[in-house]
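As structure tokens, the structure follows; a few thoughts come after it.
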Amino acid sequence: MQRPRIPVWVASEWPNRRPVRRALRWDGLFTVGLPGPEALAELVAEIDQARPAGDPFDVVAYIPPDEDPAPWERAGASWALTAFDSHPGLARVRQVIEAGPPTGG
């Protein structure tokens, strides 16, 4: 068994808070349906109040491929994952991969 174990991120859907409380016992939170970075900042503030200072915790933003990740990072995201719609098409996925990660602002 791997030690330390791999990180566990708990998923939630905005604005439900029960999964957020569950995530506090693990290593991170992956929330879908956030209306914007302000909502993420709200979640990060709740997390910061509930967890010991300095305790590592990942907060994942799930954003469209063309969106600037910088506002999400400022709101407290430690990861930004690319959100495609349910059928993006191979050409679109390849285009995003070839463009590389966004640089932010």
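The values are calculated or read from the model by the stated rules, or taken from the named source; none is laboratory data. Quantities reported herein were computed from a predicted structural model and do not represent experimental measurements. Reconstructed Cβ throughout: ideal geometry from the backbone, glycine too, with neighbour counts over all protein chains shown.
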(request) Can you tell me which residue among 44, 60 is in a helix (DSSP H, G or I) and surrounded by 15 or more Cβ atoms within 10 Å (Cβ to Cβ)? (result) 44
(message) Residues to consider are 97, 63; find the one that is of a type in the set (Val, Ile, Thr) and more than 15 Å from the chain's Cα centre (by Cα).
(response) 97
(message) What's the total number of residues in the range 8-26 that are touching a strand residue (DSSP E or B) at 6+ places or on another chain (Cβ under 6 Å), in a loop (DSSP other than H, G, I, E, B) and closer than 10 Å to residue 58 by Cα?
(response) 1
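Answer with yes or no whether residue 76 is crowded, with 17+ Cβ neighbours inside 10 Å and not β-branched (Val, Ile, Thr).
yes
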(request) Go through the residues of the range 77-85 one by one and say whether even a single one is part of a helix (DSSP H, G or I), out of contact with any Cys (no Cβ under 7 Å at 6 or more places or on another chain) and on the phi < 0 side of the Ramachandran plot. (result) no
(message) surrounded by 15 or more Cβ atoms within 10 Å (Cβ to Cβ) and more than 20 Å from residue 15 (Cβ to Cβ): which single residue out of 69, 37 fits that description?
(response) 69
(request) Mind counting the residues in the range 31-42 that are at pLDDT 95 or above and hydrophobic (A, V, I, L, M, F, W, C)? (result) 3
(request) Filter the range 1-13 down to residues that are of a type outside the set (Val, Ile, Thr) and within 12 Å of the chain's Cα centre (by Cα), then give me how many there are. (result) 4
